[in-house]
Structure formats: structure tokens, C-alpha cells
Amino acid sequence: MLRDTTPEFRRTFLQTLALVDNGASSFLSGEQSASIGETAVVSPMGGLLFARLDDLDGHTIGVVAAQCDTKPNDDVRAQLHAFCSAAARVLAIAGALAVAQRQSRESRLLAMVNERLHKSLDRRELLTGIVDGVRNAFRADRCVVFERTLDGKHAAVVAEAPHEAMADSVKIDGDLRKVFGGLTLRRDRLPAESATYGRGARSAIAMPFIVDGRVEDAMLLAFHDSRRLDDSDVNALRVLAFHVGLALSNTRLYERERARRRQAESLERVVRILRDTQYVDEVLLVFVVTVSHELPVDCAAYAIEGNALERRAMRLRDTHGFSPESTVKRDPLEPFLTIDDPSASDAIPPAARRSLFGAAHGVVIPLRMEGRLWGMFTVRASGEDLDWPPEERSTFFRTLGSHLEIALANAHAYERELRRAQERETLAEAARTILSYTAMQPLADVMCRFAASLVHAERACVLRWSGERYAQIGVYGEGIEETIATSGFDVEQRAERATSGGADERRVQRLIDGPGYVVIPLSRTASERPGDAIDAFLIVGKSSEARFARDDLRLMQELGALLALALHNLDLYEAMQRANRALQESNEFKDDLLAMLAHDFKGPLTVISGYCELLLEGNGDRPTEVETIFSQTRRLVRLSEDALVLAQTQSEGFSLAREVVDLGAFVAEWVETTARGNERIELDLPVKPVMVELDSNRFRHVLDNLVANALKYSEAPVRIAVRAVNDHAELEVADLGIGIPEEELPSLFTRFGRATNARRRGIAGSGVGLYISRKIVDVHRGTVDVQSKEDAGSTFTVSLPLSP
């Protein structure tokens, strides 16, 4: 007790021993001290002097006993009594001071923990910041904080004071195993030095830090002398450990929240980067690079190829470290790929785990596309463990995998659309090529070469039924006979359509593919029924026995449909050519017949017309009958002229003999020669010449028809006007006759088109005059229009371009 008490008490005790002039001293047992009684100083024996030590509350806390050679007098007793009273007070004050010092020490330690927690929520910074304060508070020679490593066999040094060049980790022995098991360990005397306690350690105490029910860290205080810490020191360390555990729990919550925020930010950056990618390989590469950059992990992406997983992209943080294998067997990983949740590497079979992760921990995340398993991506711990809470890890990587699946689906759809656009362009080019061929042999040769180059084949041919066997009408490459023999195609037997004609009928019959060849039936239409013969086939072959890919088969199926349509169109084209030749011959015969009849009619009619004029001049006996014969003959002459011009306009030889004339002078000359003396015709001609380029003989026929119609359908005067308007010349023929119904104006210039009111009135006409006139005006690059109102008259306007 004297050794462990205060220096003041020790000095007082020595002074007391000096008072009794005796160096011998001892302490009474409890029974002896109880027998002393109520007196402050007693002398039950002649050679002994006893004095009680009472505290301020009157409780006995000890006894002072002195051996005396002689019986002490009253002065000695009084001095001893005074000493005991003072000593009791000193002991009480020293005890209170020790309690206050322990409380102050605990307060300082807790304040230090809180201060560190306020300065930083980082776990390592918190532990590093408290080791110096704990070491000084307990006057220890060394303070170390250990954490348990992943393998469970070693403890890593997180913080130490003073800092020494010691190992970063120590092997967990029996003592540390107890501490990490949750026990407080106290060693008063250490037999020898050990790596756990450090050099020169003779005593030590170790305390676990319990965080969320688990011991992950432990603090060790080592002393270079053998000492025994009392219960108050142990309790103080336990209080410190409790508060440090709460602080570490707060730091864990903060680190988890920070990790979640960092994961969310990383996920957002990954999604933002993936949004700008378009191709599958680009998506995988960008994904693994971004994830590996955002997280301390190695990342790889695999795609299913048959019974294996082929690596498509990888990013390693340490390029000289472990590298996952490029090809991994699918069977051991199948149970972990059929579920949607990520799988930790600990659950994966050892062989697959070593090939993917080596000795580190990792996660396997399955990838699906359009509802079926597409592949996987793996995340391997690099430098730090992926020992997150299972639900957090599963949620994060499931979300990451979902975004990757969406990006892959978009990229796959984009590639598919791009590929199909290229295929459509290729097939469109093939269609344009087909349209440039009108013969069977060159078309088949071109299509064979096109089909072979489209799917990277070496040979192709088109077979068509010739009546007795399938003959080659187009060939590309050499060795096509070998391909036909390999396919088992029977060129002597005519094939028939085998598929049923149901609602799901396809455009072409399903093709037949095998090792190194494909046979495509060229069905002309999808409406062919079962049993219908197939007249043509396209056969494409490779030099190897590798089968064609699915996209190649689909492309050749489309090409087969196009080639079948081309063959069918070629047949139709040849039939149309034959029909056109027959129609052209018939049309030429009709035009020749019409021209012949019109020409042959005109000669006899001219003779009859001449004799009628002679009869009229000779004042015959029947002038009325002769006049009738003469007028009908002239009508027949006009009809024959219209028929002749109509025949000329329908033939390919219709042409103009153009010359530059004054349109006003041309109209005046026509009236002088054709309608001389006709008082119903009124002329409105310009003073200045209106020069146009026309065929006088052809255009005279236009003027004949327009003026004759105006005179025929009107009894009032007919006005003929010529004028220049901007860059056009206009010829206008207006009458005040019966007019034309408004709804019949659009059909007026058609062949044999006549107004119904003219038929009702019995006015004769063929209906080809206006049609012929419009044809002639069109050839002159002009237009003819009409404005009319029934019973009010009509105005026909011919517009011709002015001559330069």
C-alpha cells in the first residue's frame, strides 16, 4: 500500500516511524484491528502502541502500530493521535484525488475520441489519432491497434505509438485469438519477448473493440516493467473501448453511406458513358474500363460461345498481376448464371474460381439479352476486399448488371438495324442490278456471283428445270458439281413444294443447309400450294465444311426471294415484249388503214365537189338538191382531212415544218382565202407584228376547226383576235352561240368528246376536231383553253411562245 500510495503519505509515515524511534512496523489483521475499540490511541501491551486511522466520516480505514521500548507518555500519545488524524485526512484526500485523476483521465480519453471523430470519420485516422493519447494516459511504453486480416491467421497493424519499424502484420497467437474473441487480456509478467507485444515488453493489457457485435480491431498496451494494473485502470480501458467501438460504428456507417454515394455516382457515370455507345464491343470495353476506374477492382466481360464463355473485354488495374483466362467452361458456372442475383466467388467451384479470380475475392454477375442468357461480367477485388454487406453488394451489382443489359440490348438492336440497313442496301443494289438485265443467262451469272460474295462463299449456281432435268443457267466459281453432289440434290427429279399453305406461310420455302452448302428454292410466289413444282434453285457452297451462320442463311433467303421474283419478272417481261410487238403491229396496221382510207376518200370527194360546183354554176333544174350534195361532200372532205391528221398525230412520224410568221398576217390571209365574203367574221388584229414559230399547214387546220365550230354553234358574229401578252402570243376565237355546260369542259378536248346540248339540238359533228387541234398546239409548245357558259357563248384561246 505504501508503495502504491502518494509520496506525501510515504513521507508522513516515515516521520511517524521517526517519532517512536523504532524502525519496525507492521499491520494488524482485521480481527486485531477490530479489538482495538473506540479509543484513538491504545496500548494493549507494554511494548506496542496502536492508533486508529479514521476518515472524515468516522470510518476506520487503517491502523498504525508502533513497538516501543518504554511505555509512551501522554505527549507521545497525543502526537501519535494528531498524526493519525492528519494521516487519515491525507489518505482521504489522496483517495479522492486518485478518483478525480482517473475520472479526468477517462474524460480526456473520451474527449480525445470525440474530437477525432469530429475531425474525421475515417476509421484509420480515428485509430491513428488516439494511440498517442492512450499511451500517455496509462504511461505505457507502447500502444498498438491491430485488425484481423481476411485469411483469419494474421493481424495487421493499423496504428502504433511510438512508431517503430516493425512488421505490418503479426501472426495471431493464443493471446490475440482470445482478444479477437471478445476477451480482455492482462499479462503482469511476460516470460519472453514476442512479435505480438514488441521488444522489451514485460507486462501488457489488450482490449477488443466491439463494432456491431463483431470484433474487428483490438488495442494493446505494453510496458517495459512488470506491473499490475488495478481494476480502475481496466475499467477505464473498457469504457474507452466501448466509446471507441461506438465511434468505429459511426465511421462504418459513414463509410457505408460514402460508399453508397460513391457507388451511386459511379453508377451514374457508367450509365452516362454507356448512353453514348452504339456497338456491343464498344459497350463492353467502355463498361469494364469505367467500372475498374470507379472501383478498386479488375473487371472482365464474357459472352457465351457454345459450351464456353469467351472473354470480350477486360481491364486490369495491375497489368503485371493476375489475369483471368480468356476462355472458361460454361458447365461449372451454369448454376450461377441461371439466377439473376450476383454470386460471390466463395460459392463458385475451385477450378472456375481460380481461372476467374485467382486467390482474390470477386463476384460473378449474369447478363441476359432479350430474355435469354447472353454472358457474364466478373468483378475481382484489387487491393481492397469486396466484403460489403451481402444485400448492398447484391443490389449494387444487380443494378450495374441491369444497366449493362439495357446498354447491350440497345447496342445489339442498333447493330441489328445497321446490319439490316446494310443488307437492305445490298439487296436494293441487287434489285437495281436485276433491273438492268433483260436476258436470263447474264442475270443468273450476276446473281450467282453476288450471292457468293454476299456470304463469303467460293461457288454458286442457279438451276432451272428445262423439261427433262435441272440445267445450270448461271455459275460462279469452280467445283459447283461437287457442292451439288454433297447437298444430295437430284437434278433428274423435278422437286415439289412441301410446306403447307397456312396462315403462317413464308415468302419463300425454307432453305436446306448443311456442312458447307445451302440450297434455296426459288418459289415465284408465296401463294403456291403444296405439290406445286419448283422450277429453279440457287445453290451456294464453301470450300470448307463450316455451316453458314444464321444471319447468312436469312440473307440468302431474302436473296432467293429476290432472285425468284427476278426470274418471274423476266418471264413476264418476255411475255410483255411479245404482247407489245403484237400490239405495235396491230396499231401500225390501224394507222396505215386509217391514213389509206382518209387519202383514198379525199380523191373521189374532190371530184364530186368539183362537179357540184359546175352544176351550181350552170343553173340546173334542181339547185337545192345539188347544194345539199355539195355541202355534204364538203363535210366528207373535212372528215377525211381530220381522219388523216388524226392518223398522223398517232404515228411516231408526226413532225412540224416550222417557220417564223406574223400571227396576225397569218390569220388575215386565212380569212381571205378560206372565209372570204363571210360577213359574220370580225377581225381584231394588232398593228405591230406578232412573230411566232409554227407549221402553217398544221396550224391552218387548228384555225379551220375553231372558226368552223364557232360558225356552226352560233348564228351571231364570230370574233377572231390576235395579241401579244408578255412572252406569248394569243389567238382568241369567240362566239355567242349555245355554249358548253360547265361540268363537261374538262372532257371537251378528249377524243370524240362533244357537248350534250349539241347532241340534243341535232348539230352534226365527229368530236375529233378539238382533240386534233390540241394535239397540234401541244407539238407547237403551246396551250389551248376554253371559257364557256351555256346559252351565252364560248371563247377558245390558243397561246404560243413568241419567236426570239
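The values are calculated or read from the model by the stated rules, or taken from the named source; none is laboratory data. Every value quoted in this text rests on a predicted model; they were computed, and no experiment measured them. All Cβ positions, glycine included, derive from the backbone under ideal geometry; neighbour counts span all protein chains shown. With ligands, DNA and RNA removed, areas are computed over all heavy atoms of the protein, side chains included. Shrake-Rupley method; radii C 1.70, N 1.55, O 1.52, S 1.80 Å.
Data table
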{"item": "Check: the range 176-298 dipole with +1 on Lys, Arg Cβ and -1 on Asp, Glu Cβ, in debye", "result": "560"}
{"item": "Shape category assigned to the range 305-348 from the gyration tensor of Cα positions, a/c cut at 1.5", "result": "oblate"}
{"item": "Radius, Kirkwood style, for the range 124-207 when every pair of distinct Cα atoms is counted (Å)", "result": "13.3"}
{"item": "Residue order for TRP374, TRP670 - accessible surface, 1.4 angstrom probe, largest first", "result": "TRP374, TRP670"}
{"item": "Accessible surface ranking that places the most exposed of TYR713, TYR414 first, with a 1.4 angstrom probe", "result": "TYR414, TYR713"}
{"item": "Rounded if a/c under 1.5, otherwise prolate or oblate - the range 175-246, Cα gyration tensor axes", "result": "oblate"}
{"item": "Top positive-direction residue, dipole computed over the range 270-338 with Cβ charges, set PHE322, GLN278, ALA303", "result": "GLN278"}
{"item": "Sites GLU115 and ARG419, calculated FRET efficiency, Cβ-Cβ separation with R0 60 Å, nearest 0.05", "result": "0.40"}
{"item": "Of LYS712/LYS789; LYS153/LYS178; LYS688/LYS712, those spanning more than 25 Å from alpha-carbon to alpha-carbon", "result": "LYS688/LYS712"}
{"item": "Extension reserve of the GLN493-ALA471 stretch, reckoned as 0.36 nm per residue once the Cα distance is removed", "result": "6.8 nm"}
{"item": "Accessible-area order (highest first, 1.4 angstrom probe) of the listed residues LEU565, LEU176", "result": "LEU565, LEU176"}
{"item": "Lys, Arg +1 and Asp, Glu -1 on Cβ, resulting dipole of the range 229-332 about Cα centre, debye, nearest 20", "result": "320"}
{"item": "Isotropic mean projected area of the C-alpha convex hull, the range 684-756 (nm²)", "result": "6.4"}
{"item": "With every protein chain in place, the range 173-240: carbon and sulfur % of accessible area (1.4 Å)", "result": "46"}
{"item": "The range 277-366: relative contact order in percent, alpha carbon pairs under 8 Å with at least 6 residues between", "result": "21"}
{"item": "Probe 1.4 Å - accessible area at LEU538, Å² to nearest ten", "result": "0"}
{"item": "The range 294-410, accessible surface, carbon-and-sulfur percent (1.4 angstrom probe)", "result": "48"}
{"item": "Over the range 347-472, relative contact order from alpha-carbon pairs under 8 Å, at least 6 apart, %", "result": "13"}
{"item": "More than 12 angstrom apart: percent of Cα pairs within the range 213-255", "result": "70"}
{"item": "When the range 327-457 is reduced to its Cα atoms, the Kirkwood hydrodynamic radius in Å", "result": "18.6"}
